[in-house]
Structures are given as C-alpha cells and as structure tokens.
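Take a look at the structure below.
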Amino acid sequence: MPVIRIVRTTTLQPAEAWLRLTDWERHGAQVPFTRTSVDTAPPTHVGTVFTARTGVGRLTFDDPMEVTVWTPPAGAAAGLVRLVKHGRVVRGWAEIEVRPYFPSGAQVHWREELSLRGLGRPFDPLVVAAGRFLFGRALDRLLGT
C-alpha cells in the first residue's frame, strides 16, 4: 500500500490546529464531491466512527473510518489521532499529528496508507500523487493557510 506524507507549518497554536483538523464534517467540505457524517455522539474519542461519502449521483462510495488513537496536544506534547479505514473501496489508515513548533505555532504531519479496491501496485504512484494533492489542499484549507 502506498504511504502519503504531508507536512505543514502554521502560526495556529497546536490546540487550535487540532480542533480544526479533527472537525470531521469540515474534512468532507474540503474534498470535491464529498460529504462527511459522524455516526458517534460527540466529543470525538477512541471508537468514534464517521463516514466520508464521495461521488455524484449513483456513482458513490463510502469511506468509513474509526478513531483508534485519540491523544490531543497538551503543553509541549504533540497530539495524535489515528483513523482506520474500514471501507469496501478504501482501506488503510491515516494519522494526523500536531506538534508544537517554536517559537510559535504548530507543525502538522499527515500520514496515510491507502489501498483502493481494484487498483494494483502499478497505480501506487498515481494514488500517492492524487492523495498528496487532495489531502494537501484539504489540510491547507482546514488550517486556513
């Protein structure tokens, strides 16, 4: 499975960056033709389940995800959320890590390992390029950069 890695630095404080990056409904609004719905009562915690539905008309697929690690940033400690993808089309995992960045702000590390049903290893470079573009754009918009 290809791994996508994206790093961004922001002037937002880690706690604010974390809040923006873990607002699951806002994620869907940043990806074309995607809507996200949270199936678990707030606040987010280990076990929270949400689904990103992507497509137009009858050509849609669901990307259900479950939060398996939930450690918000605190003081000088980084925050980490890990999502496991349980879909029929999209499998894998994603991690968003928010680190304090001195003298002020935060550095965000987005890591995602994807497997798309029907696409073999020869398509890995395309999956990585598309993922970097889509997830990088979403990350920039969520952070307001």
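Bear in mind these aren't lab numbers, they're just calculated from the coordinates by the rules spelled out. Just so you know, these numbers come straight off a predicted model, no measurement behind them. Every residue, glycine as well, gets a Cβ built from its backbone with ideal geometry; the counts of neighbours run over all protein chains shown.
The table that follows gives values for the structure above.
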| read-out | value |
| --- | --- |
| The stretch 115-144-the stretch 57-83 distance, computed between alpha-carbon centres (Å) | 16 Å |
| Filtered chymotrypsin sites (Phe, Trp or Tyr not before Pro), the stretch 33-128: DSSP coil and at most 13 other beta carbons within 10 Å | F33 |
| Phi to ³J(HN,Hα) by Karplus 6.51 cos²θ - 1.76 cosθ + 1.60 over the stretch 63-68, Hz, x for Gly, Pro | 10, x, 10, 10, 6, 10 |
| Under DSSP loop assignment and at most 15 Cβ neighbours within 10 Å, longest trypsin sites (Lys or Arg not before Pro)-free interval of the chain | 1-57 |
| For the chain, calculated [θ]222 nm from helices alone, where every DSSP H run of n ≥ 4 adds -39500 (n - 2.57) | -7500 deg cm²/dmol |
| Test item: Cα-centred dipole of the stretch 23-145, Lys/Arg +1 and Asp/Glu -1 on Cβ, debye | 340 debye |
| Per-pair calculated FRET efficiency, R0 = 41 Å: S104 and A130 via Cβ, rounded to 0.05 | 0.80 |
| Derived scalar couplings ³J(HN,Hα) [the stretch 41-50; Karplus, 6.51 cos²θ - 1.76 cosθ + 1.60; whole Hz; x for Gly, Pro] | 5, x, x, 4, 7, 4, x, 4, 10, 9 |
| Using alpha-carbon coordinates, inclination of helix 124-143 to the longest axis of the chain, degrees | 40 degrees |
